[in-house]
1. Considering just Cα atoms, how many Å³ per residue does the convex hull of region 15-99 enclose?
2. Taking a threshold of 26 Å on the Cα-Cα distance, which of the pairs Lys6/Lys78; Lys18/Lys77; Lys78/Lys101; Lys15/Lys37; Lys18/Lys116; Lys64/Lys116 fall above it?
3. What are the radius of gyration and Dmax of region 15-61, computed over its Cα atoms and given in Å?
4. Only Lys, Arg, Asp and Glu count, each charged at its Cβ (+1, +1, -1, -1), so figure out the dipole size of region 15-61 about its Cα centre, rounded to 20 debye.
Amino acid sequence: MIGRPKGGTNRYWSKEEKLRIVKRLMNGEGSIREIAKAEGLSRGTYSNWISAYRKNGETGLENKRKPGNPLVRFQRKKELTDLERLEYENMKLRIENLRLKKGYTEEEVRAIRQKKSSGKNTKSLKR
């Protein structure tokens, strides 16, 4: 059975792994079905990688996931070590510095967040 076990997480495929697997097809090592089964991934995913590679080359295989909020890993801990506390403060100051460079004040940031959150989960009625 292909897929992740119940409660499992998605498999992360690096650009290098994707390229290696795509090149297996390009080198004639087997069909899409055979290679996908041997590598443990779905044919759909494999076909998407092949299409991306043919369209954009190696750059088409790069992961598009953007990093999340880096502060979350510190906020979820009850107690921080001295090093973690310093890293957290440093990160907060960098973010504040970037906001100030863009010309945002703390009040403007709060107003933007409030505006974004008030618009979520609402459906517009078109009549």
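Each reported figure results from applying straightforward, stated rules to the coordinates on display, with no laboratory input. Treat the numbers as computed from the prediction; the structure is a model and nothing was measured. Cβ sites come from the backbone with ideal geometry, for glycine too, and all protein chains shown count toward neighbours.
1. Residue-normalised Cα hull volume stands at 155 Å³.
2. In this structure, Lys6/Lys78; Lys18/Lys77; Lys78/Lys101; Lys18/Lys116 lie more than 26 Å apart at Cα.
3. 9.5, 25
4. Value, rounded to 20: 140 debye.
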